[in-house]
Structures are given as structure tokens and as C-alpha cells.
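K.L.:
Okay, handing you the structure first.
The values are calculated or read from the model by the stated rules, or taken from the named source; none is laboratory data. The shown structure was predicted, so the numbers you read here are calculated from the model rather than taken from an experiment. Virtual Cβ from ideal backbone geometry, glycine too; neighbours counted across all protein chains shown. Heads up: the accessible areas ignore ligands, DNA and RNA and are worked out on the full protein's heavy atoms, side chains in. Shrake-Rupley method; radii C 1.70, N 1.55, O 1.52, S 1.80 Å.
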Amino acid sequence: MAATDAVLNGDVVNAFCAVRPPGHHAERGLAMGFCFFNNLAVGVAHALEVHGLKRVAIVDFDVHHGNGTEDRIFRDDKRVMFCSSFQYPFLSLFTSGGKGMRRIIHTPLESGTDGCSLSSLD
């Protein structure tokens, strides 16, 4: 929340928070996969409610899909877009997202993908 406040108050231009575990598996009322709190969701909810943002895009890059952020926390919040890249088929907990989410972008990547070219995953 401090990083969110600093950026939105204009104290800094941007912020990067390296938190472990990332928290993206934690749901509203359930810890999952070593994630007890969804750190990102706390910051996004803070930005929406305290700072009055109208839209937020979440870009989640990890070997695992951020199922807690997508399916449980922002399911019915039309202000949130969720983009997730993750290794497929390594423990990919695909969720469909809620009917309220405007956008969900999944980018499953094969193991060893170098980022220069993406092959299609069947």
C-alpha cells in the first residue's frame, strides 16, 4: 500500500515491489500454495477504493497462473483487467474468471521459451 500511495500521490514515478511469496494464489478467504495474503490484490483494492482509480490492469508473470487474483478476488470487479503469463502445463490452475471481469488474458508459455518467439500450444 505504501508503494501504491507513493506512485499515486506523485512522490515517485513508479515502484517495483519484489515480494515473496507473490500471493497470487491466495483467495478472498483461503490461503493457497504458500500464499497467505494476496499482496497485489491488497494494493489494487487500495488504489481502487482509497485513490478512486476507475481501472487497473494487473500483469502477473510467474511459473504458476495467478488463480487467486483472477478467479476469487476480482471476479466481479469490472474495473480490473487481469493478464497472466505462466508455464504450461506446469501446475496451471486455469480459471475462467467471473462474468463481471472485462478482460482476462492468459499467456501460457512452454518450458524454456526464450521470449523471442512463441510457438502455439495445442
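K.L.:
Going from most exposed to least, what order do Ile104, Ile58 have by accessible area with a 1.4 Å probe?
P.N.:
The most accessible residue leads, giving Ile104, Ile58.
K.L.:
Packing-wise, with mean Cβ within 10 Å as the measure, how do 25-33, 63-71 rank, highest first?
P.N.:
The most tightly packed comes first, giving 63-71, 25-33.
K.L.:
Just the number, please: Stokes-Einstein D of the stretch 22-83 in µm²/s, Kirkwood Rh from C-alpha pairs, 20 °C, 1.002 mPa s.
P.N.:
185 µm²/s
K.L.:
Set the Förster radius R0 to 30 Å, insert the Cβ-Cβ distance between Met1 and Arg103 as r into 1/(1 + (r/R0)^6), and round the FRET efficiency to 0.05.
P.N.:
With R0 = 30 Å, the Cβ-Cβ based efficiency is 0.75.
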